[in-house]
Amino acid sequence: MKVLAFAASNHSKSINRMLVGYAAVQLQRLNPDVQIEFVDINDYEMPIYSPDRQNADGIHQLAQDFYAKIGDADALIVSFAEYNGFVTAAWKNIYDWMSRIDQKVWQDKPFVLLAASPGRRAGANVLQTQEQTAPFFGMNIKGKYGVGSWSDAWDGDTLVKAEDIEGIEAAVKGLLA
């Protein structure tokens, strides 16, 4: 199984990048044959989407490349940063460009939906919005988990709270069912 994994954040020290890395390691621990491809959304920075830009220049090549990466994967693990209750502007722009290729951006791939947050709510808003829109955009959710109070949950190398460790393991197991 080939899994595409990324944080929907452009922050260089993203806690969501740490979480998606941890989740990928846990998936490989459960099934050593899993191949993980990590993507950094900073490599897909594009002009802000607008219909005028699309009409003038077509769909940006980086959007086509990212969409193809999703298509080439058997499954996805994505951890969403929550900015003001929603996804980051950097991710939203990539997503908007890809949605012009096909509204089913996630291409019905099995999906683990994650979020990490410094606050106690564990990215609850972003998890909820992504879950609510999942049917419209081809997100086939097999597992979901949010880690809150990140500074208490992460010791610099790994998760430390039993409920978070178990929650991530249960979420990634959804890809193996």
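Details
- Checking each residue in segment 117-130 for being outside any helix (DSSP H, G or I) and surrounded by fewer than 24 Cβ atoms within 10 Å (Cβ to Cβ) picks out 118, 119, 120, 121, 122.
- The set of residues in segment 1-13 being under 12 Å from residue 150 (Cβ atoms) and under 12 Å from the mean Cα position of the chain (by Cα) is empty.
- Answer residue from segment 167-176, given it is touching a strand residue (DSSP E or B) at 6+ places or on another chain (Cβ under 7 Å) and of a type in the set (A, V, I, L, M) and is surrounded by the most Cβ atoms within 10 Å (Cβ to Cβ) among those: 172
- Within segment 148-166, residues that are farther than 20 Å from residue 126 by Cβ reach partners that are modelled with pLDDT of 95 or more and of a type outside the set (Gly, Ala, Ser) with beta carbons closer than 6 Å, at six or more positions or on different chains, in the pairs 165/159.
- Members of segment 1-48 found to be aromatic (Phe, Trp, Tyr) and surrounded by fewer than 20 Cβ atoms within 10 Å (Cβ to Cβ), listed by number: 38
- Applying a threshold of 6 Å to beta carbon distances and a minimum spacing of six or more residues, or different chains, the list of pairs starting in segment 39-52 at a residue that is touching a residue at least 60 places away in the same chain (Cβ under 8 Å) and ending at one that is not in a loop (DSSP other than H, G, I, E, B) is empty.
- Yes/no for residue 164 being exposed (fewer than 15 other Cβ atoms within 10 Å of the Cβ), at pLDDT 95 or above and part of a helix (DSSP H, G or I): no
- Test: residue in segment 75-82 that is within 17 Å of the chain's Cα centre (by Cα), farther than 17 Å from residue 38 by Cα, touching a residue at least 24 places away in the same chain (Cβ under 8 Å) and crowded, with 21+ Cβ neighbours inside 10 Å: yes
- Selection within segment 151-161 - closer than 16 Å to residue 21 by Cβ and outside any helix (DSSP H, G or I): 154, 155, 156, 157, 158, 159, 160
- Considering residues of segment 85-116 that are within 14 Å of the chain's Cα centre (by Cα) and hydroxyl-bearing (Ser, Thr, Tyr) only, the residue surrounded by the fewest Cβ atoms within 10 Å (Cβ to Cβ): 95
The values are calculated or read from the model by the stated rules, or taken from the named source; none is laboratory data. These numbers were taken from a predicted model, which means no experiment stands behind them. Glycine also receives a Cβ, built like all others from the backbone with ideal geometry; neighbour counts cover every protein chain displayed.
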